[in-house]
Each structure stands twice: as C-alpha cells, then as structure tokens.
Amino acid sequence: MMHREATGYNIVYYHRHPASSLRFYSIDAPNLGVDAFNDVATPMSRQRSGINQDVVKQLNVASIINAAVLKPSSTSSVLNVTHSGSTINHTTKTITIQMSTLLFKALSMSQSTFSRPAQSICNTHVLSKFLLKDMSLSVQQMDVRVEQLAILWRQMAALRFRKEGGRVEIYSKEYTSFFNTVWLILNDITIGYAFGNFLCENHEVLATILKEFVEDILILWPQRALCWLDSWPAGLKLNTELSSFYSGTFVDLVNVWGGVLRHIIFPYLSNTIYIFGLVSSFGALIGGMGGMTMSIALFYDMFVFFTLHIYVCYVIAVVAFEKALWGLGSLWRLFRGKRFNVLRNRTDSWEYDTDQLLFGTILFTLLAFLFPTVLAYYALFALLRLSMILTQASLEIQLAFMNHFPLFALVLRLKDPWRVPGGMYFDFVEVIVHADANEVASGGEDESNSNEASRRSRRQFEYTKDPVTTLIPVMKNQPVTFQRIFFQYTRLWSQLASHYHPFRLLKSLLLGRLLVPIPGSEIRYDKIGNHSKES
Amino acid sequence: MQRVHPLQTNPEFSILRTDYFHEYRVENWHLARDGSGSVIRHTSPWSWKHSIIPLIISISWPKVRAGSFARALILLTTIFFVWTRCTQVIHESVIVLPEHGIQLETHKGLPPLTLFITRRFVPYTILRDVVINEGIKRWDIRYYLVALKEGATGSVGLEVCFPNILPHFPILLQVYRDLREFVALQMSLSSQPP
C-alpha cells in the first residue's frame, strides 16, 4: 500500500492555453445557452484540497499571468525584429475595429427603430384574452427574431471591449453563442433569398397549382366524402335524419368557406405569393425579419387559414361525439347500478328508482342507435384533423431547426475540440527520468501549440545510472460530447414527442378530446434558454 | 512499477502501481465459470472468418446495379460491420490519482490495437462516495461499482466503473477497498487545518 506523507506534494502538468486561442478548462460541461454571459454561480463544493473551481480558474488565467510576468524582461532586439510585422498587424487591427464599430452602430440603429414597435405588435391582445403571437406563427417568428437581435446587440456590446485580464471561459462562451446566432441568421437570409427568388419568378404558376389543390382536396373532396357518408357508406345504414342533418350542415359550411376562398382570396393569391417571395428575400432589411424562417411561418399561417373550415367542422363533430360518449358511459353505469361520485372521483354503487331506470333505458337506447352516425362523421373529421396536425407539426419542427441549431458549437467541436470543454482528463506520457530522482525535473513548458508538445516532452539528463521510463499524468481538455451540444435539442424533441406521441393522439381521438398543435410558447427560444438555466 | 494479478480466480484483473497513479484494469475475457479453466474471450481479433465478408462484398458490389437501393444497403452493411469490429471493448480501468481524483477509462478498438479511448475524470472535490450496488441487466442481476459525484446545483450524478464489462464481485470488492482507502485518506487530509 502506498504511504504518502501528509505534507507531500506532486506536480500536475497541464497545457497552458494562450488567451487568444480561446481554449479553457472546465470541470463540467458548460452551459451553451443564451444567457451564457451571466456567470451562473456554481454550488460550493466541499472544501477539499484538490482540483476544484478555483484551481480551474487559475489554470485558465495562467497564460495571462505568464505574459504579465515575462513582459518586463523582453529584450529590445526582439522588438526590433517584429517591428515590421507589427505595423501590418496594426493596420488590420484598426480596420477590423472600424468594421466592428460600423456593424455595431447599424445593429443598434435597427434595434432601436424596429424592436420596440415590433414587440408591441407581437404582444397585443386580441379579444382581450389571446395574444396575437399565440394565434399566428408569423408574428411569433417576428418576435423570436427581434429577441434574437436584441440578445445579439447585448452580446456584441459585451464582446467588443475585451479586457486584457478578462475571464477566458466567459468570453469563449459568449463568443460561441454570439457567432452561432449570427451564422444561423445569415444562413436563414441566404436560403430565404434563393427561395424568395423562386417564389417571385413562379408566383403565377404556383398560384394556379395552389388553387387547384385547394379546390380539389380541401373543398370538393370533403363534400364528396360527406355525400358518401350520407348514402349508406360501405353498406352501413346510418340514421337517415341525423345523417342528412350532419351532411347538410357540413356541406353548407364547406361551401360557404369555399365561396369565401374563391371570391375573396383567390383573385389575389398570385400577388400574395409574390409578396411572400419579397418578404423572404428582402425582409432582412426591415429590422432583420425575413428569410426562410419567415416564409415557413407565412406558409404555415396560410395553411391554417385555408383549412379553417375543416377545423370548425371538426370542433362541431368532436363536441357532439364527446357528449354522446359521455352520455353512453353514464347510462351504462346506470345499468350496472353504479354512479360516478364527483366528490371522490370514483364509481360507487347506487340504488336507482324504477322510473329512473326506465327513463335511463329509453335514453340509452336512443343514444346507442344514434351513436354510429355520430361516430362515422367524427371519424371523418378526426382523420382530416390528424393529417392537418401532422403537417403543422412538420412545419413547426422545420422552423425550430432553422431557428436554433447549434451549428457553431458542432463545427467547433470538429475543428478545435479544446475550445468546447466538457471536463478534463489525464493522459499518461512516457518520460525518461533519473533512476534515483523522486520527481521529474523538466524545464519550462510553454506548450502553447497543440498537444503534440506532450509527445515531444522527453527530457535528456546526464545519466550516470540507467534511465528508467515512467508514466506521468498530463492534464488535458476533454471535449464536450455531442449529446451535450444538442441538449437544447433533446429538450425540444422530448417536448414535441410527448405532445405528438401516437398513443396520446390515439387516446385523445378515442375519448373525443380536442386535438391541438403544440402551443408556440413551449418551443420558444428563450424558454429553452430558461430551461437550461434551471438545469 | 509492475503489473500484479492479485486474484487467482479472476486473472483478467490487474493492478499497476506507480508513484503517480494506481491503475485497476479489467480485460475483456474471463475464465469459464464451471472451473474448467478455459478462457472465454469476448473480443475477437481479425480472423479468416472475418475475411469472408470483404470477399462477399467485393463479389456482390459489381453485380448490383449502380446507384440502386441494394448498393446503399451493401454500403451500410459494410460500415456497420467495420464499426462493430473496430469498437470492441479491449479493457477498462479505474485510475486513481492520489490527491487529484479518479479517472475511468474504456479502451476500444480492434484487438490488440487500441483505437478509441473514452475517459471520464472525477476530481476529489466533486466525488462524494464510492458504492457497490446491485442492478438488473437483462435477465441477470449484476453488481456494479459506482462513483457518486456532485452534479450541478447539488444533484447527484453517477459514474459507473467498468460499465461495459461489469466484472464479478471479487474484482469489485478489491477495487472498492482500495478506493475507500484513498477517499478516507483524502477526507482526513482535507480535514486537517492548513
């Protein structure tokens, strides 16, 4: 067993990252969320000696301390040699400073002009109950974009004035988050420009195709299906009066909406598509709201608008179905001599009077014979509504992908894994050492380059005895795993999966609950950031 | 600095003690449990049976139409085959660095080459305790050694030692005893006034 003296010490070797490389150590995986620049206070770990937060902080500032210590001793000859190089560096530095100042001014100007009115539009209340941004995805997308720009502006203000002795880890996290958003927005605008051009060029053809599609599938097909249900579908004899009432109502509803679409909307459809194309291409100039995300949101809203009649018919059918189902269940309990106790939320036995039983029987018979008709019409509209929901879900998922995809962190993980640390580890390096020395004496290690320096760290000593190779531990950065990069995504995915889970949808269908697409507030950008703050 | 095999019934377990660290290594083979003494290997180096697969692939590739679904299927099968051959667990180890922490390593690759090393380091300041617990693995109940660490905001995280091999109890007991000594030593050291 090892005997170590309590006063013994040992040396830990580590790579001293220069401050400009933005590499740093971390005990745990960092929070790559929106509010990374707020220094989240870590809990006080046990007061043990060893590697804790303070040690890691000291490791991260090591190169700054090194530069501060070595600076007074730099000789003038070194300065002379690098003088010519430094003038070129100086000019590029001034150019970059001027460009960044210009960008910052543009961003702050657009921010002040557009953000306040845009946010107030998004947050207006319709009918004093619903927020406008909950009703329309385009408005929500506008809100998201405005918020992203506000965060960018804040981060840019913080990033521009980097102090010499600043904390590398905070700067690096801000840097990653800032450039991730910038890259996503630029991607968005670029793809949006291409898509917008496509829309603008082909707006006539697209309008014609869309009109045919809406006519055939959204107007004529439901009417044909309803007529089919009215006339003994597949040999089933549905209740004639109820069935004709249902089909008459729904066919009239669809007709009304079809008329609205044909006479009011369709004449302007090609112009609308042209405007969508313009927004997609050039919307970025108006406060940065444009691009592919905005066009996806606009098409989503158009889809919701065109299928409004199916939604209304579905609501009517589902209300009737749910009431019929509940009535049947209650009367079935009556047959068994039981009653639903609302106080205790359970089924109790209960003695019914004879006339209650008789009346219940009559009502049960009525409902039981009317139920297949209700079920048939509900099934039609439930299936239509399900396909609508799935289309909306796929559009929303696409939007979520485009809005916050951790592209920068992913590429950084591939290019320079030490800049996204998720812990650290010790690698064991062979070193030749004196046979009688108890510790390894090595010269100053300024491994400012890659980790190949550790392989080159073989020191030669004058050896009177045979040199012995031993393994010493060297601390290195552990890059964060891919799952951790996508942790916001796993949260988003779990929310989407729990909402659109097939079993949950099936249960809602069978019980007659209203099917709704996922509310937009659950998959918001900053909501995800708030989740990450809690975790 | 020499590797010892302290357990006779489990020769796949070895301990390496140096000045700077102790390594407890479990390799991916074991003796047959019926006492016959034969070695059961869970990894297989490249043998002639594995060479049949490239033969089959190279014969079937030109026969299939270019760009068809079958070619994509063959490609996927090749990638899957290479991936399974090259990520076999060779050995796993728990490395104790006195006064710094515990590092759990998994070496994977094509035996005898090591291609991928996965490491997790738990410093002593985060390590709460080391525990042996029972768990259900498919239709079996196995003991596993786990290091409890403090996660963010006071929650507890688990790091399982030897997660792929899950050796049997005598090995875990040996590692557990040594780890407890270090943890106790660390606690006693830290409780002394500086």
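The values are calculated or read from the model by the stated rules, or taken from the named source; none is laboratory data. Predicted model, so just to flag it, every value in this text is computed and none were measured. Cβ: placed from backbone, ideal geometry, glycine included. Neighbour counts: every protein chain shown.
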| request: Report yes if residue B:160 is away from chain A (no Cβ under 14 Å) and of a type in the set (Val, Ile, Thr), otherwise no. | output: yes
| remark: Considering the stretch A:13-56, residues that are within 13 Å of chain B (Cβ to nearest Cβ), over 30 Å from residue A:430 (Cβ atoms) and at pLDDT 70 or above, and then whichever is farthest from the chain's Cα centre (by Cα), we arrive at A:54
| request: Tell me, please, whether a residue that is loosely packed, with under 13 Cβ neighbours inside 10 Å, more than 14 Å from chain A (Cβ to nearest Cβ), outside any loop (DSSP other than H, G, I, E, B) and without any contact (Cβ under 8 Å) to a residue 24 or more places away in the chain can be found in the stretch B:30-39. | output: yes
| query | Is there a residue being surrounded by fewer than 12 Cβ atoms within 10 Å (Cβ to Cβ), in a helix (DSSP H, G or I) and at pLDDT 90 or above anywhere in the stretch A:330-353? | reply | no
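State all residues of the stretch B:107-125 that are in contact (Cβ under 8 Å) with a residue 40 or more places away in the chain and either more than 13 Å from chain A (Cβ to nearest Cβ) or touching a Ser or Thr at 6+ places or on another chain (Cβ under 6 Å) (or both); if no residue qualifies, say none.
Result: B:110, B:111, B:112.
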| query | Taking the stretch A:507-521 as the search range and keeping residues that are loosely packed, with under 13 Cβ neighbours inside 10 Å and in a helix (DSSP H, G or I), which one is modelled with the lowest pLDDT? | reply | A:521
| So which residues in the stretch B:1-29 are assigned to a strand (DSSP E or B) and within 17 Å of residue B:106 (Cα to Cα), if there are any at all? | B:13, B:14, B:15, B:16, B:22, B:23, B:24, B:25, B:26, B:27, B:29
| request: Output the residues belonging to the stretch B:93-125 that are surrounded by 15 or more Cβ atoms within 10 Å (Cβ to Cβ), assigned to a strand (DSSP E or B) and aliphatic (A, V, I, L, M). | output: B:94, B:95, B:96, B:97, B:102, B:104, B:122
| remark: With the first residue restricted to the stretch A:141-167 and required to be modelled with pLDDT of 80 or more, and the second required to be of a type in the set (Asp, Glu), Cβ contacts under 9 Å at 6 or more apart or on different chains are A:144/A:526; A:145/A:188; A:147/A:526; A:151/A:35; A:151/A:526; A:155/A:174
| task | Would you mention how many residues in the stretch A:263-277 are in contact (Cβ under 8 Å) with a residue 12 or more places away in the chain and exposed (fewer than 15 other Cβ atoms within 10 Å of the Cβ)? | result | 1
| said: Against the definition (in contact (Cβ under 8 Å) with a residue 40 or more places away in the chain, within 21 Å of residue B:171 (Cα to Cα) and surrounded by 10 or more Cβ atoms within 10 Å (Cβ to Cβ)), how does residue B:42 come out, yes or no? | reply: yes
| request: Scan the stretch B:71-89 and give yes if some residue there is under 20 Å from residue B:145 (Cα atoms) and either surrounded by 12 or more Cβ atoms within 10 Å (Cβ to Cβ) or within 14 Å of chain A (Cβ to nearest Cβ) (or both), otherwise no. | output: yes
| request: Would you mind stating whether residue B:160 is modelled with pLDDT of 85 or more and surrounded by 19 or more Cβ atoms within 10 Å (Cβ to Cβ)? | output: no
| said: Any residue at all in the stretch A:172-184 that's more than 22 Å from residue A:402 (Cα to Cα), part of a helix (DSSP H, G or I) and not basic (Lys, Arg)? | reply: yes
| In the stretch B:139-157, is there at least one residue being assigned to a loop (DSSP other than H, G, I, E, B), modelled with pLDDT of 90 or more, in the same structural domain as residue B:21 (by TED's automatic domain parsing) and more than 15 Å from the chain's Cα centre (by Cα)? | yes
| remark: By residue number, the members of the stretch A:196-233 that are out of contact with any helix residue (DSSP H, G or I) (no Cβ under 7 Å at 6 or more places or on another chain) and farther than 18 Å from residue A:378 by Cα are A:198, A:201, A:202, A:205, A:208, A:209, A:212, A:213, A:215, A:216, A:217, A:220
| said: Which pairs turn up if I take residues in the stretch B:95-106 that are more than 8 Å from chain A (Cβ to nearest Cβ) and look for partners that are in a loop (DSSP other than H, G, I, E, B) with beta carbon separation below 7 Å, at least 6 apart in sequence or on another chain? | reply: B:96/B:21; B:106/B:164
| task | Kindly indicate whether any position in the stretch B:126-145 is of a type in the set (Ser, Thr, Tyr), buried (at least 16 other Cβ atoms within 10 Å of the Cβ) and either within 14 Å of another protein chain (Cβ to nearest Cβ) or touching a residue at least 60 places away in the same chain (Cβ under 8 Å) (or both). | result | no
| message | As an exercise: evaluate residue A:483 against (1) modelled with pLDDT of 70 or more; (2) closer than 30 Å to residue A:397 by Cβ and give the number of the one condition it does not meet. | response | (1)
